[in-house]
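Q: Input: one structure, supplied below.
The values are calculated or read from the model by the stated rules, or taken from the named source; none is laboratory data. Note that the structure is a prediction, hence the values are computed from the model and not measured. All Cβ positions, even for glycine, are placed from backbone atoms using ideal geometry, and neighbour counts span all protein chains on display. Keep in mind that these areas ignore ligands, DNA and RNA; they rest on the heavy atoms of the full protein, side chains included. Shrake-Rupley method; radii C 1.70, N 1.55, O 1.52, S 1.80 Å.
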Amino acid sequence: METLPYLWLLAAVSCCLGAGTGFNDQPDLDPGLYNRDWMESVPDETKLSAVSIPGTHESLTLYGGPLAVSQVWPLRQQLNVGLRYFDLHVGIWLPSQTEIYIRDGNWMFWQHTHLEEVVGEVSGFLQEHRTEVVLLRVTLHGLYRDKLKHMVMTLMDKYKNVTWTKTSVPNLKETRGQMVLLQSDTFRVGTENAESHLFESNKLRDVGRKINGMKEDMCGRRIIRTETAAPALRSPKTLARAVNVQLSRFLERSGSQTTGCLGVIGLNFPSADIIRRITQLRPFHQTNITKPVLDINPMKGREA
(Lines give C-alpha, C1' and ligand atoms only; values in the text may rest on other atoms or scores of the structure.)
Protein backbone atom coordinates (compact mmCIF):
# COMPACT_ATOMS: atom_id res chain seq x y z
CA MET A 1 0.00 0.00 0.00
CA GLU A 2 1.32 3.42 -0.94
CA THR A 3 2.66 5.48 1.93
CA LEU A 4 1.51 9.07 1.67
CA PRO A 5 2.68 12.18 3.50
CA TYR A 6 -0.02 14.08 5.32
CA LEU A 7 -0.64 17.38 7.00
CA TRP A 8 -0.37 17.50 10.77
CA LEU A 9 -2.12 20.64 11.94
CA LEU A 10 -2.61 20.90 15.68
CA ALA A 11 -4.86 22.98 17.93
CA ALA A 12 -4.69 24.26 21.50
CA VAL A 13 -4.60 21.59 24.19
CA SER A 14 -6.12 21.91 27.64
CA CYS A 15 -3.57 23.46 29.99
CA CYS A 16 -4.71 21.55 33.04
CA LEU A 17 -3.77 18.05 31.85
CA GLY A 18 0.04 18.36 31.72
CA ALA A 19 2.05 16.44 29.16
CA GLY A 20 3.26 13.74 31.54
CA THR A 21 4.88 10.75 29.91
CA GLY A 22 1.93 9.61 27.82
CA PHE A 23 2.56 6.13 29.25
CA ASN A 24 0.43 3.99 31.55
CA ASP A 25 0.77 0.36 32.63
CA GLN A 26 -1.68 0.42 35.55
CA PRO A 27 -4.86 -1.59 34.89
CA ASP A 28 -7.10 0.53 37.11
CA LEU A 29 -8.93 3.35 35.33
CA ASP A 30 -10.67 6.06 37.35
CA PRO A 31 -14.18 6.67 35.93
CA GLY A 32 -13.35 10.36 36.19
CA LEU A 33 -11.02 9.81 33.22
CA TYR A 34 -13.73 8.35 30.99
CA ASN A 35 -14.10 10.14 27.65
CA ARG A 36 -16.97 8.25 26.07
CA ASP A 37 -18.64 10.86 23.86
CA TRP A 38 -15.84 13.10 22.61
CA MET A 39 -16.87 12.82 18.96
CA GLU A 40 -20.16 14.54 19.75
CA SER A 41 -18.50 17.95 19.34
CA VAL A 42 -17.07 17.16 15.89
CA PRO A 43 -19.29 18.59 13.09
CA ASP A 44 -21.25 16.04 11.06
CA GLU A 45 -19.73 17.09 7.74
CA THR A 46 -16.15 16.42 8.90
CA LYS A 47 -14.36 13.67 6.99
CA LEU A 48 -13.19 10.86 9.25
CA SER A 49 -9.70 11.31 7.81
CA ALA A 50 -9.66 14.89 9.11
CA VAL A 51 -10.24 13.87 12.74
CA SER A 52 -7.37 13.13 15.12
CA ILE A 53 -8.21 9.66 16.44
CA PRO A 54 -6.41 7.96 19.34
CA GLY A 55 -6.16 4.19 19.18
CA THR A 56 -4.07 1.23 20.19
CA HIS A 57 -1.52 -0.92 18.36
CA GLU A 58 -1.94 -4.66 19.05
CA SER A 59 -5.11 -3.52 20.78
CA LEU A 60 -6.07 -6.70 22.62
CA THR A 61 -2.63 -8.18 23.33
CA LEU A 62 -2.91 -8.43 27.12
CA TYR A 63 -1.35 -11.89 27.44
CA GLY A 64 1.84 -13.68 26.43
CA GLY A 65 4.63 -12.23 28.55
CA PRO A 66 6.80 -9.10 28.28
CA LEU A 67 7.73 -9.59 24.63
CA ALA A 68 4.09 -9.76 23.57
CA VAL A 69 1.90 -7.74 25.94
CA SER A 70 1.13 -4.35 24.40
CA GLN A 71 -1.83 -3.07 26.43
CA VAL A 72 -3.02 -3.02 30.02
CA TRP A 73 -6.71 -2.10 29.61
CA PRO A 74 -9.30 -4.54 28.26
CA LEU A 75 -11.50 -3.50 25.36
CA ARG A 76 -14.31 -1.90 27.38
CA GLN A 77 -11.91 0.29 29.31
CA GLN A 78 -10.20 1.33 26.09
CA LEU A 79 -13.56 2.38 24.68
CA ASN A 80 -14.48 4.21 27.88
CA VAL A 81 -11.26 6.24 27.95
CA GLY A 82 -11.83 7.48 24.39
CA LEU A 83 -9.83 5.15 22.14
CA ARG A 84 -11.54 4.77 18.77
CA TYR A 85 -9.09 2.77 16.64
CA PHE A 86 -8.34 -0.90 17.23
CA ASP A 87 -5.63 -3.00 15.58
CA LEU A 88 -6.84 -6.62 15.66
CA HIS A 89 -4.85 -9.77 14.79
CA VAL A 90 -6.82 -12.95 14.16
CA GLY A 91 -6.08 -16.54 13.19
CA ILE A 92 -7.25 -20.13 13.03
CA TRP A 93 -4.90 -23.09 13.15
CA LEU A 94 -7.14 -25.93 11.95
CA PRO A 95 -9.65 -25.78 9.07
CA SER A 96 -12.26 -27.34 11.36
CA GLN A 97 -12.20 -24.40 13.80
CA THR A 98 -15.32 -22.27 13.95
CA GLU A 99 -14.12 -19.45 16.23
CA ILE A 100 -11.94 -16.58 15.03
CA TYR A 101 -9.21 -16.31 17.65
CA ILE A 102 -7.69 -12.98 18.62
CA ARG A 103 -3.90 -13.38 18.62
CA ASP A 104 -0.88 -11.12 19.04
CA GLY A 105 0.93 -10.09 15.89
CA ASN A 106 4.36 -11.64 16.55
CA TRP A 107 4.05 -14.78 18.65
CA MET A 108 0.43 -15.74 17.95
CA PHE A 109 -0.52 -16.13 21.62
CA TRP A 110 -4.26 -16.47 22.09
CA GLN A 111 -5.68 -13.41 23.82
CA HIS A 112 -8.55 -15.20 25.59
CA THR A 113 -11.23 -13.76 23.33
CA HIS A 114 -12.70 -14.21 19.86
CA LEU A 115 -13.46 -11.69 17.13
CA GLU A 116 -17.20 -12.22 17.52
CA GLU A 117 -16.98 -11.17 21.17
CA VAL A 118 -14.95 -8.10 20.24
CA VAL A 119 -17.30 -6.97 17.49
CA GLY A 120 -20.30 -7.59 19.74
CA GLU A 121 -18.82 -5.48 22.52
CA VAL A 122 -17.94 -2.63 20.17
CA SER A 123 -21.42 -2.73 18.66
CA GLY A 124 -22.98 -2.65 22.12
CA PHE A 125 -20.88 0.37 23.09
CA LEU A 126 -21.94 2.21 19.95
CA GLN A 127 -25.59 1.55 20.66
CA GLU A 128 -25.11 3.37 23.97
CA HIS A 129 -22.93 6.14 22.50
CA ARG A 130 -24.37 6.92 19.07
CA THR A 131 -22.23 9.98 18.38
CA GLU A 132 -19.08 7.84 18.27
CA VAL A 133 -17.34 5.98 15.44
CA VAL A 134 -14.98 3.03 15.99
CA LEU A 135 -12.34 2.03 13.43
CA LEU A 136 -11.30 -1.63 13.18
CA ARG A 137 -8.31 -2.91 11.24
CA VAL A 138 -8.15 -6.71 10.99
CA THR A 139 -4.98 -8.60 10.06
CA LEU A 140 -5.24 -12.30 9.18
CA HIS A 141 -2.65 -14.87 10.28
CA GLY A 142 -2.09 -18.59 9.76
CA LEU A 143 -2.22 -21.07 6.90
CA TYR A 144 -5.95 -20.93 6.21
CA ARG A 145 -6.40 -17.30 5.31
CA ASP A 146 -8.98 -17.89 2.57
CA LYS A 147 -11.21 -19.72 5.01
CA LEU A 148 -10.47 -17.14 7.69
CA LYS A 149 -11.39 -14.28 5.38
CA HIS A 150 -14.69 -15.97 4.62
CA MET A 151 -15.35 -16.40 8.35
CA VAL A 152 -14.61 -12.73 9.04
CA MET A 153 -16.84 -11.64 6.16
CA THR A 154 -19.65 -13.85 7.42
CA LEU A 155 -19.33 -12.39 10.90
CA MET A 156 -19.28 -8.78 9.70
CA ASP A 157 -22.30 -9.46 7.50
CA LYS A 158 -24.28 -9.91 10.73
CA TYR A 159 -23.44 -6.29 11.52
CA LYS A 160 -23.77 -4.91 7.98
CA ASN A 161 -26.32 -2.30 9.06
CA VAL A 162 -23.82 -0.75 11.47
CA THR A 163 -20.56 -1.30 9.56
CA TRP A 164 -18.92 0.87 6.88
CA THR A 165 -17.09 -1.37 4.38
CA LYS A 166 -16.72 1.01 1.42
CA THR A 167 -13.27 2.05 0.20
CA SER A 168 -14.14 5.74 0.31
CA VAL A 169 -13.58 7.92 3.38
CA PRO A 170 -16.92 8.74 5.05
CA ASN A 171 -17.88 11.78 7.06
CA LEU A 172 -19.09 11.67 10.65
CA LYS A 173 -22.77 11.96 9.74
CA GLU A 174 -22.56 8.82 7.60
CA THR A 175 -20.92 6.69 10.28
CA ARG A 176 -21.98 7.84 13.75
CA GLY A 177 -22.87 4.80 15.83
CA GLN A 178 -21.05 2.53 13.37
CA MET A 179 -17.89 0.50 12.97
CA VAL A 180 -15.60 1.46 10.07
CA LEU A 181 -13.40 -1.28 8.65
CA LEU A 182 -9.93 -0.23 7.50
CA GLN A 183 -8.08 -2.32 4.94
CA SER A 184 -5.01 -4.28 6.00
CA ASP A 185 -2.44 -6.08 3.85
CA THR A 186 -4.20 -9.41 4.44
CA PHE A 187 -7.83 -8.24 4.64
CA ARG A 188 -8.57 -5.73 1.92
CA VAL A 189 -12.10 -4.93 2.95
CA GLY A 190 -13.04 -1.43 4.00
CA THR A 191 -11.65 2.08 3.73
CA GLU A 192 -8.27 2.66 2.15
CA ASN A 193 -5.59 3.92 4.50
CA ALA A 194 -1.85 4.46 4.55
CA GLU A 195 0.90 4.36 7.14
CA SER A 196 2.85 7.50 7.96
CA HIS A 197 6.60 7.66 8.51
CA LEU A 198 6.44 10.24 11.24
CA PHE A 199 8.43 7.96 13.51
CA GLU A 200 11.78 6.85 12.07
CA SER A 201 13.44 4.02 13.96
CA ASN A 202 10.78 4.66 16.59
CA LYS A 203 11.90 8.26 17.08
CA LEU A 204 9.88 11.34 16.22
CA ARG A 205 12.13 13.32 13.89
CA ASP A 206 12.15 16.03 11.21
CA VAL A 207 8.54 16.95 11.85
CA GLY A 208 8.92 20.38 10.27
CA ARG A 209 10.34 18.97 7.05
CA LYS A 210 7.56 16.40 6.80
CA ILE A 211 4.84 18.95 7.47
CA ASN A 212 6.20 21.33 4.82
CA GLY A 213 6.17 18.55 2.22
CA MET A 214 2.57 17.54 2.75
CA LYS A 215 -0.17 18.00 0.19
CA GLU A 216 -3.09 20.22 1.03
CA ASP A 217 -5.81 17.68 0.29
CA MET A 218 -4.26 14.71 2.13
CA CYS A 219 -6.49 14.75 5.20
CA GLY A 220 -9.59 14.52 3.04
CA ARG A 221 -8.43 11.79 0.67
CA ARG A 222 -7.20 8.94 2.83
CA ILE A 223 -7.03 7.91 6.45
CA ILE A 224 -3.44 8.02 7.67
CA ARG A 225 -2.15 5.80 10.49
CA THR A 226 0.86 6.32 12.69
CA GLU A 227 1.82 3.16 14.59
CA THR A 228 5.01 2.03 16.27
CA ALA A 229 5.61 -1.70 16.38
CA ALA A 230 8.19 -3.32 18.63
CA PRO A 231 10.50 -5.88 16.98
CA ALA A 232 9.85 -9.47 18.04
CA LEU A 233 12.64 -9.43 20.63
CA ARG A 234 11.94 -6.00 22.11
CA SER A 235 9.38 -5.34 24.80
CA PRO A 236 6.41 -3.20 23.63
CA LYS A 237 6.38 -1.63 27.10
CA THR A 238 9.99 -0.50 26.78
CA LEU A 239 9.25 0.98 23.37
CA ALA A 240 6.11 2.72 24.65
CA ARG A 241 8.00 4.42 27.47
CA ALA A 242 10.22 6.10 24.87
CA VAL A 243 7.72 6.75 22.09
CA ASN A 244 4.78 8.00 24.15
CA VAL A 245 6.80 10.69 25.89
CA GLN A 246 8.03 11.98 22.51
CA LEU A 247 4.48 12.28 21.23
CA SER A 248 3.35 13.87 24.48
CA ARG A 249 6.12 16.48 24.21
CA PHE A 250 5.16 17.12 20.61
CA LEU A 251 1.55 17.78 21.56
CA GLU A 252 2.60 20.03 24.42
CA ARG A 253 5.15 22.06 22.46
CA SER A 254 3.12 22.50 19.27
CA GLY A 255 0.10 23.71 21.23
CA SER A 256 -1.88 26.36 19.35
CA GLN A 257 0.81 27.07 16.74
CA THR A 258 -1.00 24.96 14.16
CA THR A 259 -4.46 23.49 13.70
CA GLY A 260 -6.02 20.41 12.13
CA CYS A 261 -5.72 16.65 11.61
CA LEU A 262 -3.28 14.30 13.22
CA GLY A 263 -4.72 11.14 11.71
CA VAL A 264 -5.01 7.81 13.51
CA ILE A 265 -2.44 7.23 16.25
CA GLY A 266 -2.01 3.61 17.38
CA LEU A 267 -0.21 3.50 20.74
CA ASN A 268 1.06 0.89 23.15
CA PHE A 269 0.27 1.56 26.82
CA PRO A 270 -1.24 5.04 26.32
CA SER A 271 -2.19 7.18 29.30
CA ALA A 272 -5.57 8.85 29.70
CA ASP A 273 -4.00 12.30 29.38
CA ILE A 274 -2.39 11.66 25.98
CA ILE A 275 -5.65 10.16 24.71
CA ARG A 276 -7.57 13.25 25.82
CA ARG A 277 -4.97 15.56 24.28
CA ILE A 278 -5.44 13.88 20.89
CA THR A 279 -9.24 14.04 21.12
CA GLN A 280 -9.08 17.77 21.85
CA LEU A 281 -7.35 18.61 18.57
CA ARG A 282 -9.65 20.40 16.17
CA PRO A 283 -10.30 18.65 12.86
CA PHE A 284 -8.64 19.78 9.66
CA HIS A 285 -10.66 21.95 7.28
CA GLN A 286 -9.74 23.05 3.78
CA THR A 287 -9.83 26.69 4.93
CA ASN A 288 -6.75 25.96 7.04
CA ILE A 289 -4.46 25.13 4.14
CA THR A 290 -3.44 28.72 3.51
CA LYS A 291 -2.04 29.12 7.01
CA PRO A 292 1.76 28.95 7.29
CA VAL A 293 3.24 25.66 8.43
CA LEU A 294 5.72 26.02 11.28
CA ASP A 295 8.95 24.09 11.75
CA ILE A 296 8.03 22.26 14.93
CA ASN A 297 10.70 19.79 15.99
CA PRO A 298 9.78 18.10 19.28
CA MET A 299 13.29 16.69 19.68
CA LYS A 300 15.11 20.00 19.20
CA GLY A 301 17.20 20.69 22.27
CA ARG A 302 16.48 17.22 23.63
CA GLU A 303 18.32 13.98 23.39
CA ALA A 304 16.71 11.64 20.85
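Q: Can you list the residues, at least 5 places off or on another chain, whose amide H is less than 5 Å from the amide H of residue 267, using H built in the peptide plane?
A: So residue 267 has HN proximity to 55, 56, 57.
Q: Can you sort 44, 273 by solvent-accessible area, 1.4 Å probe, largest first?
A: On the way: 44 65, 273 35 Å².
Sorted by accessible area, descending: 44, 273.
Q: If you count only protein heavy atoms and use a 1.4 Å probe, how large is the accessible surface of residue 53, to the nearest 10 Å²?
A: In the full protein context, residue 53 sits at about 0 Å².
Q: Order the peptides 87-99, 103-115, 235-247 from the highest to the lowest mean number of other Cβ atoms within 10 Å of their residues.
A: Packing proxy ranking, top to bottom: 235-247, 103-115, 87-99.
Q: Oh, and also: When the gyration tensor of segment 12-91 is built from Cα positions, what are the square roots of 5 times its three eigenvalues, in whole Å, from largest to smallest?
A: The three semi-axes for segment 12-91 are 24, 18, 12 Å.
Q: Now for a different question. Under 17 Å Cα to Cα from residue 47, which aspartates and glutamates show up? Leave out anything in the same chain fewer than 8 places away.
A: Hits, sequence-local ones excluded: 132, 174, 192, 216, 217.
Q: Top to bottom by accessible area (1.4 Å), largest first, where do 159, 85, 63, 144 land?
A: Largest to smallest exposure gives the sequence 63, 144, 159, 85.
Q: Also, I was wondering about something else. Which of the aspartates and glutamates could a cross-linker span from residue 203 if the Cα-Cα distance has to be under 18 Å and same-chain partners fewer than 8 positions apart are dropped?
A: 195, 227, 252, 295, 303
Q: Taking amide H atoms as placed 1.01 Å from N in the peptide plane, list the residues 5 or more away in sequence, or in a different chain, whose amide H sits under 5 Å from that of residue 133.
A: Amide H neighbours of residue 133, under 5 Å, 5+ apart: 177.
Q: Read phi for every residue in segment 123-136 and hand back ³J(HN,Hα) as whole Hz from Karplus 6.51 cos²θ - 1.76 cosθ + 1.60, θ = phi - 60°, with x for Gly and Pro.
A: Computed from phi, the couplings for segment 123-136 are 4, x, 4, 5, 5, 7, 10, 6, 7, 8, 10, 10, 9, 10 Hz.
Q: Can you spot the aspartates and glutamates whose alpha carbon is less than 20 Å from residue 147's alpha carbon? Ignore those fewer than 8 places along the same chain.
A: Result set, ordered by chain and number: 99, 104, 116, 117, 157, 185.
Q: I would also like to ask the following. For segment 34-171, what is the convex hull volume of its Cα atoms per residue in Å³?
A: Per-residue hull volume (Cα only) is 114 Å³.
Q: Same structure again: Given H placed 1.01 Å from N in the peptide plane, which residues other than close sequence neighbours of residue 187 have an amide H under 5 Å from its amide H?
A: 140
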